[in-house]
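The values are calculated or read from the model by the stated rules, or taken from the named source; none is laboratory data. Bear in mind that the values here come from a model prediction, so they are computed numbers and not experimental data. In this analysis, Cβ positions are derived from the backbone assuming ideal geometry, glycine residues included, and neighbour counts consider all displayed protein chains.
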Amino acid sequence: MNSAVGIHIFRFVALLLLQGLILKRISAGWMGYVYFDVLLYPLFIILLPLRTPRSLVMISAFLLGLGVDLFYGTIGLHAAASVFTAYLRAFVLSQLEPREGYNVDFSPTKAQLGAPWFFRYASIMLGIHLFAYFSIDAFSPVFFADIVVKTLYSFLFSMFFIIIMVLIFNPRQ
């Protein structure tokens, strides 16, 4: 097995277990209303290699989301948001493509494309994921203000954890 494939399988399992066993417990709010959730598992979708076919990205995102759904007791909520994020990944990458283009042998990491590019890309992808997640959770435009508030608070805390993870582990693949 290729070492890069092994790294991504390990990342898949590690982020799934981290999200399900530890980060599930981190949320805050008052009077029974949760204002934010820390979602770190979209980092798997963000860090997949550029040459990964869209169908494989979407299948792996579905499996990851389904695994998170099993931990959270939700039926398809995380899976749907993950697949939506995976679907838009190619569009976001095309919009952020450097002038000289991508080297398709790389993964979109801080080490390969630089910190400003990576954090902009990760921010956009995480924002898409969180907005989709809370929109599907509410399933009504009546709650648009709540969706935006939860997305913003969750974005701040989730992005903080993503920055910490990327700075500590500094993935190259």
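Which condition breaks for Thr74 when tested against (1) part of a helix (DSSP H, G or I); (2) touching an Asp or Glu at 6+ places or on another chain (Cβ under 9 Å); (3) β-branched (Val, Ile, Thr)?
The failed condition is (1).
Of the conditions (1) surrounded by 14 or more Cβ atoms within 10 Å (Cβ to Cβ); (2) not basic (Lys, Arg); (3) not in a loop (DSSP other than H, G, I, E, B), Ile59 fails just one. Which one is it?
(1)
Residue check: is Phe91 among the aromatic types (Phe, Trp, Tyr), in contact with a helix residue (DSSP H, G or I) (Cβ under 8 Å, 6 or more places away or on another chain) and more than 14 Å from Phe44 (Cα to Cα)?
The answer is no for Phe91.
If you take the residues of the range 77-110 that are in a loop (DSSP other than H, G, I, E, B) and within 18 Å of the chain's Cα centre (by Cα), which of them is surrounded by the fewest Cβ atoms within 10 Å (Cβ to Cβ)? Spell out how you get there, then give the answer.
Filtering the range 77-110 down to residues in a loop (DSSP other than H, G, I, E, B) leaves 96-109.
Those left that are additionally within 18 Å of the chain's Cα centre (by Cα): 96, 107-109.
Details: Leu96: 15, Ser107: 20, Pro108: 21, Thr109: 21.
Filtering the range 77-110 for residues that are in a loop (DSSP other than H, G, I, E, B) and within 18 Å of the chain's Cα centre (by Cα), the one surrounded by the fewest Cβ atoms within 10 Å (Cβ to Cβ) comes out as Leu96.
How many of the residues in the range 37-59 are polar (S, T, N, Q) and under 14 Å from His8 (Cα atoms)?
Going through the range 37-59 one residue at a time, the tally reaches 1.
Which one of these does Leu113 not meet: (1) crowded, with 17+ Cβ neighbours inside 10 Å; (2) of a type outside the set (Ser, Thr, Tyr); (3) touching a residue at least 24 places away in the same chain (Cβ under 8 Å)?
Of the numbered conditions (1) crowded, with 17+ Cβ neighbours inside 10 Å; (2) of a type outside the set (Ser, Thr, Tyr); (3) touching a residue at least 24 places away in the same chain (Cβ under 8 Å), the odd one out for Leu113 is (3).
Condition test on Val13, is it in contact (Cβ under 8 Å) with a residue 40 or more places away in the chain, of a type in the set (Val, Ile, Thr) and farther than 22 Å from Val149 by Cα?
Considered against the rule, which asks whether it is in contact (Cβ under 8 Å) with a residue 40 or more places away in the chain, of a type in the set (Val, Ile, Thr) and farther than 22 Å from Val149 by Cα, Val13 comes out as no.
Give the residues of the range 43-72 that are touching a residue at least 40 places away in the same chain (Cβ under 8 Å) and among the small types (Gly, Ala, Ser), sorted by residue number.
Ser60, Gly67
Name the residue, out of Leu21, Leu43, that is farther than 28 Å from Ala145 by Cα and either of a type in the set (A, V, I, L, M, F, W, C) or at pLDDT 90 or above (or both).
Leu21
Does Phe155 satisfy the condition of being of a type outside the set (Val, Ile, Thr), modelled with pLDDT of 95 or more and outside any loop (DSSP other than H, G, I, E, B)?
Here the answer is yes, as Phe155 does meet what is asked.
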